[in-house]
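Report on the following structure.
All of the numbers you see were taken from the coordinates with simple rules; none came from a lab. On a predicted model such as this, the values are computed, not experimentally measured, just so you know. Glycine also receives a Cβ, built like all others from the backbone with ideal geometry; neighbour counts cover every protein chain displayed.
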Amino acid sequence: MELRAIHENCSGCNTCRLACAIENFKEVNPSRSLLTIEARFPAPGDYRIHLCDQCGECADSCPEDAIHLKDGAFIVDPDACTGCLICVEVCPHDVMFIQKHSDVPIKCNLCGECARTCPRNAIVWVQDIENDGDQESEVA
Amino acid sequence: MMYGYAGTILRVDLSNATIRKEPLSKSLAENFIGGRGFVAKMLYDEIPSGIGPYDPENMLIAATGPLTGHFLPASGKTHFGTKSPATGGYADSNMGGHFGPQMKYAGYDVLVITGRAISPSYLFINDDTVEIRPATEYWGQGSITTEKNFKNHLGDDYQVITIGPAGEKRVRYACISHDFGRQAGRTGVGAVMGSKNLKAIAVKGTGSIPVADLKKAYAKGKQAYQKVMAKPGFKGWTPEGTAGITNWTNEVGVFPTRNFQTSHAGHYKNINGEAILNRLKITDKGCFGCPTPCGKYGHTQTKLGSAYVEGPEYETIALFGGNCVLKTIEEVAYANYLCDELGIDTISAGVVIGWAIECFQKGILSRDDIGREIDFSDLDSVAYLLNQIARREGIGDLLAEGVKIAAEKTGKGSERFAIHVKGLEWSGYECRNAPSMMLAYLTADVGAHHNRAWVLGHDVAGAWTNVHDLISSETEIRAQPKAVVSERSAEYVIESQDKRSLFDALGNCRLQMMELGFEAEHYAELYSVITGITKSWEALLKISERIWQLTRAFSVREINGFGRHLDFPPARLYEEPIADGPNQGHVLSREEIDDLLTWYYTARGWNENGIPIKETLLSVGLSEVAEDLEARGLL
């Protein structure tokens, strides 16, 4: 299971970002969200959703082996993390976040609240596609 | 702690470069809710009576409401208020996008700008850091260009409002622009911003808004999204947004055309919502938290050039496609783009240009006066005039004053077809056979604007329907019977005014209720769980009525000789029967309009001249206002 962005469905409302902040931090504060929406205006005039697809490059790059896969999501172990921020640099989607409230980088834990609350079907769950080629199926 | 609100009013005086933060008072929040309520109360209490709109003492207020920035459908609204360049009385203009929520995350419910900067400046806000910074390098730039430059300079996570050249030149219908296509369009708020030498405000917030019961509020917010998305209008209304009603307004003959000479445009299928989808649209573009985005962002190509542009929305289609008779959606969109970049309200601009073209056709304005020949259905004429207006060059200096002043200066009978009320140009519904909607325009507190009350459903479609039901009607001209003029119109208008205005106070969009039929009571529940102040919808409506009486009182105080005569439309709308189309031959008489006003005044508790009586003000908790007006001899 992973999250998939369908950029052309996004209308930039940022409902996903507010939901993420409320679900994970109990705050009405989208700046704490663990995904971003890039508004590309005036040209080319569209949106790009930047979210974690659990590609694991953060874990691969971590010199302290502080990022581990658990229930489909890569999770930062705050006790093992030294705050070197190499993972922030290598993240291909710019979704390893440094927040003022935390000493270690924070990332998506695959809670799925963004997909559940998106009113546009722009973020969806997809099943792991490794075993069934390009047969993606939307389940939520 | 005040739940739901950010808790602070930010006051910036540009004359002496002072920045002051003060706590939002509990009584202001409870008695006036937010947004439009805050604007009305602060303007009445704080503006020195008798000042001009461009005097440094005038206030430019940006106010959010208790629902702004919270998890519920379409909580992205910001309400601007000032003393009106258009009418000299009360003015406000509501804007979507993402600016208001960002203000609250930065910690501010309200921004109050007074004074005048010595040189072009912008206001920088990053949470607690507030600075007045130089903006000389941006002065003269278009709104879209300026916003992009600010984003490049400060970062994409800043939300920016700007003015264009029209605001700098104090065009009386200059707008405040935001998010590459959202505007506080009406009443000239951009001109007031320009008069303060304020080019832009950039805000970034990383704070949290406190909520009385977050768990419950989040659950109710999610339910609200689900309910909105389950409405039939979700799929019927959202794809085309406001442009979707272009077919209906033409079928029933309420589409202003050729400077309101008629109310049906034969080419309407070439400028409707479908044309936008098929020929312009790149993406839906939503305001903060919106599940039903009206914004259609696209790209247009015309003989004058190509442009990225948001829209056109219905109002722009009506005033450029109908009133100026531009024949294709591409041309309407290009005129829309020019207005957005120059920082001009498309509604007022479409009325002013329609008037100018008719003046030229009648020989009232000459080729020498204008600098060239102008005509309906001619994009060159529209583009030429927009550029002249925004820079106040040549004929533009006259037209920049708005259609009321331009007609008064021009004379020769041109006042009869200068389509405005109180000085604000008329928006996109022709009302000579729509008595309730006519009354809505006449009594709107900012001037001839449709957003205070939308009651056409009572005039045309018989019983009330939601707007999404109107867009699906068959596309054919439907000859309309003469509308019945009755006392009920006052009731419809007042109900709509109090209901719709309440959303401007709460700080979220009303379209989910008005267009999709999402039940109003949900908003009272959301307000109560977010703020911890339990109020029913009826109790909130009472406050809305208080705000309505207050804005009328402001205009009574600020406009010399205010009264019934200012609630009248121009002569065209009660003397000339509609030329053709579904409403051919219909017109409301002057007597019928007088009746409508009398019924309305009586129901509002106003005297025969349209002035609130003392008992009315006392009954809505405005005793200080009653005392003030009485002391001035105005009651």
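Tilt of helix A:15-25 relative to the longest C-alpha principal axis of chain A, in degrees (0 to 90, nearest 10)? Roughly 30 degrees between the two axes. From the alpha carbon centroid of the stretch B:553-575 to that of the stretch B:1-22 is 35 Å.
Taking every residue in A:114-124 and counting other chain Cβ atoms within 10 Å of its Cβ, the average works out to 3.
How large is the translational diffusion coefficient of the stretch B:8-204 in µm² per second when you combine the Kirkwood radius over alpha carbon pairs with Stokes-Einstein at 20 °C and 1.002 mPa s?
Estimated via Stokes-Einstein, D reaches 132 µm²/s.
Please work out whether the protein assembly as shown counts as rounded, prolate or oblate from its C-alpha gyration tensor, where a ≥ b ≥ c are the square roots of the eigenvalues and a/c under 1.5 means rounded, while otherwise a/b larger than b/c means prolate and anything else oblate? Taking the square roots of the gyration eigenvalues as a ≥ b ≥ c, the protein assembly as shown is prolate.
Compute the relative contact order of the stretch A:53-107 as a whole-number percentage, counting only Cα pairs closer than 8 Å that sit 6 or more residues apart in sequence.
Numbers: 73 pairs, mean separation 16.9, N = 55.
For the stretch A:53-107, the relative contact order is 31 percent.
Projecting label points 7 angstrom from Cα along Cα→Cβ for A:Ser61 and B:Asp45 puts them 5.3 nm apart. For chain B, taking Cα atoms only, Rg and Dmax work out to 22.6, 67 Å respectively.
Could you line up B:Thr410, B:Thr346, B:Thr551 from fewest to most neighbouring Cβ atoms inside 10 Å?
B:Thr410, B:Thr551, B:Thr346
Overall form of the stretch A:53-107: rounded. Here a/c, set by the Cα gyration tensor axes a ≥ b ≥ c, is under 1.5. By the helix-only formula, in which each DSSP H run with n ≥ 4 contributes -39500 (n - 2.57) and the sum is divided by residues, chain B has a 222 nm mean residue ellipticity of -11500 deg cm²/dmol. Sorting A:Val104, B:Val171, B:Val421 from the fewest to the most surrounding beta carbons within 10 angstrom yields A:Val104, B:Val421, B:Val171.
I need the helices of chain B that pass two filters: whole DSSP H segments spanning 20 Å or more by Cα along the axis, and mean Kyte-Doolittle score no lower than -1.0.
B:214-230, B:346-361, B:488-506, B:537-558, B:590-604
Each Cα pair under 8 Å and six or more residues apart adds its separation to the average, and for chain B the resulting relative contact order is 16 percent. Most tightly packed first, judged by the mean number of other beta-carbon atoms within 10 Å of their residues, the peptides B:154-167, B:79-92, A:114-127 read B:79-92, B:154-167, A:114-127. Shown for B:His449, B:His565: other C-beta atoms within 10 Å of each C-beta, ranked fewest to most, produce the order B:His565, B:His449. Distance from the C-alpha centroid of the stretch B:490-536 to that of the stretch B:351-423: 39 Å, rounded to the whole angstrom.
The modelled label-to-label distance for the pair B:Arg20/B:Thr598, using points 7 Å beyond Cα in the direction of Cβ, is 4.9 nm. Peptide A:43-52 has a mean shielding of 3, counted as Cβ atoms of other protein chains within 10 Å of each residue's Cβ. One-quarter of the Cα convex hull surface for the stretch B:335-407, in nm²? The orientation-averaged projected area of the Cα hull of the stretch B:335-407 comes to 4.1 nm².
Spatial offset of the stretch B:177-206 relative to the stretch A:45-72 amounts to 39 Å, using the alpha carbon center of each. Beyond 27 Å in Cα-Cα separation lie the following of the pairs A:Lys100/B:Lys199; B:Lys104/B:Lys499; B:Lys77/B:Lys151: A:Lys100/B:Lys199.
Per residue, the convex hull spanned by the Cα atoms of the stretch B:510-563 amounts to 113 cubic angstrom. Could you estimate the translational diffusion coefficient of the stretch B:232-517 from the Stokes-Einstein equation, with Rh from the Kirkwood formula over C-alpha pairs, at 25 °C and 0.890 mPa s, in whole µm²/s? Reported coefficient: 128 µm²/s. Across all directions, the shadow cast by the convex hull of the stretch B:1-99 built on its C-alpha atoms averages 7.0 square nanometres.
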